[in-house]
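Worksheet: the structure to be examined is printed underneath.
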Amino acid sequence: MKVSEVMTAPPVCVGPRVSLAEVTRRMAECAVGSVLVVEDGALRGIVTDRDLAVRGLGGGLDPGARADAVMSPRVVTVEAVDDLQVAYRTFRRTGVRRLPVLDAGRVVGVLTIDDLFLDLFRRFADLLGPVAWSVLQEPPGPPQGA
């Protein structure tokens with residue numbers, strides 16, 4: 001399975017000069033824990049809810065401060081065409097919780113740990129559906145003749 005099949009798209013993006021108040025509003029409005037900072041089509045960084053809490057508003061910055069004041073400029077990414085195993089290894093190796101997804105250098109989505117959990121839950125449901133049905137068809141108690 002490819003990253004593009006599990007990622008969240010489109011990503012929530014802001015420019016580097018957007019205020020922290022606007023970043024916070026966009027996160028709340030879109031129910032996300034991060035926004036990608038994009039300028040002229042290029043990924044410049046990421047601002048997470050933790051960045052806002054620790055380095056931004058929680059760190060004493062004014063709500064009018066800019067996104068680039070708190071963003072993490074070194075962003076680990078994956079490609080939309082990568083196999084999900086590449087994403088799993090990247091999450092394990094780096095310890096990040098969100099991976100911007102690129103297609104030919106252009107931001108097309110975000111893959112989160114939660115996206116992978118949802119994919120796993122769907123797979124388990126597919127596997128357990130027939131098993132659950134067969135269990136429901138069996139009479140309760142010990143097997144007959146035991």
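The values are calculated or read from the model by the stated rules, or taken from the named source; none is laboratory data. The model shown is predicted, which means the values in this text are computed figures rather than measured ones. With ideal geometry, Cβ positions are generated from the backbone for all residues, glycine too; neighbour counts draw on all protein chains shown. These accessible areas exclude ligands, DNA and RNA; they are computed on the full protein's heavy atoms, side chains included. Shrake-Rupley method; radii C 1.70, N 1.55, O 1.52, S 1.80 Å.
When restricted to residues that are touching a helix residue (DSSP H, G or I) at 6+ places or on another chain (Cβ under 8 Å) and either in contact (Cβ under 8 Å) with a residue 60 or more places away in the chain or open to solvent by 60 Å² or more (accessible area, probe 1.4 Å) (or both), segment 33-42 contains 2.
Looking for whichever is more than 22 Å from LEU20 (Cα to Cα), open to solvent by 60 Å² or more (accessible area, probe 1.4 Å) and either in a loop (DSSP other than H, G, I, E, B) or out of contact with any strand residue (DSSP E or B) (no Cβ under 6 Å at 6 or more places or on another chain) (or both) here; the options are LEU118, LEU61. Which one fits? Before you say what the answer is, go through the steps one by one.
Details: LEU61 fails: more than 22 Å from LEU20 (Cα to Cα).
Being more than 22 Å from LEU20 (Cα to Cα), open to solvent by 60 Å² or more (accessible area, probe 1.4 Å) and either in a loop (DSSP other than H, G, I, E, B) or out of contact with any strand residue (DSSP E or B) (no Cβ under 6 Å at 6 or more places or on another chain) (or both) holds for just one of LEU118, LEU61, which is LEU118.
Reported count of residues in segment 84-120, each being closer than 15 Å to ALA9 by Cβ and basic (Lys, Arg), is 2.
All told, GLY45 falls short of being in a loop (DSSP other than H, G, I, E, B), in contact (Cβ under 8 Å) with a residue 24 or more places away in the chain, more than 17 Å from THR8 (Cα to Cα) and open to solvent by less than 60 Å² (accessible area, probe 1.4 Å).
Restricting to segment 1-25, and then to whatever is more than 18 Å from LEU111 (Cα to Cα) and of a type outside the set (A, V, I, L, M), can you tell me which residue is surrounded by the fewest Cβ atoms within 10 Å (Cβ to Cβ)?
Initial filter on segment 1-25 (more than 18 Å from LEU111 (Cα to Cα)): 15-25.
Now narrow it down to the ones that are of a type outside the set (A, V, I, L, M): 15-17, 19, 22, 24-25.
On the way: GLY15: 14, PRO16: 16, ARG17: 11, SER19: 16, GLU22: 17, THR24: 17, ARG25: 13.
Selected residue: ARG17.
Screening segment 65-75 for residues that are in a loop (DSSP other than H, G, I, E, B) and open to solvent by less than 50 Å² (accessible area, probe 1.4 Å) and picking the one that is nearest to CYS13 (Cα to Cα) gives MET71.
Which is within 25 Å of THR24 (Cα to Cα) and either touching a residue at least 40 places away in the same chain (Cβ under 8 Å) or small (Gly, Ala, Ser) (or both), of ALA87, ALA80, ALA67, ALA104? Even if it seems obvious, please write down each step before you answer.
On the way: ALA87 fails: within 25 Å of THR24 (Cα to Cα); ALA80 fails: within 25 Å of THR24 (Cα to Cα); ALA104 fails: within 25 Å of THR24 (Cα to Cα).
Exactly one of ALA87, ALA80, ALA67, ALA104 is within 25 Å of THR24 (Cα to Cα) and either touching a residue at least 40 places away in the same chain (Cβ under 8 Å) or small (Gly, Ala, Ser) (or both), namely ALA67.
Cβ separations smaller than 7 Å between residues 6+ apart or across chains give no pair from segment 1-17 residues that are free of Cβ contacts under 8 Å to residues at least 40 places away in the same chain and part of a loop (DSSP other than H, G, I, E, B) to residues that are crowded, with 18+ Cβ neighbours inside 10 Å and of a type in the set (Gly, Ala, Ser).
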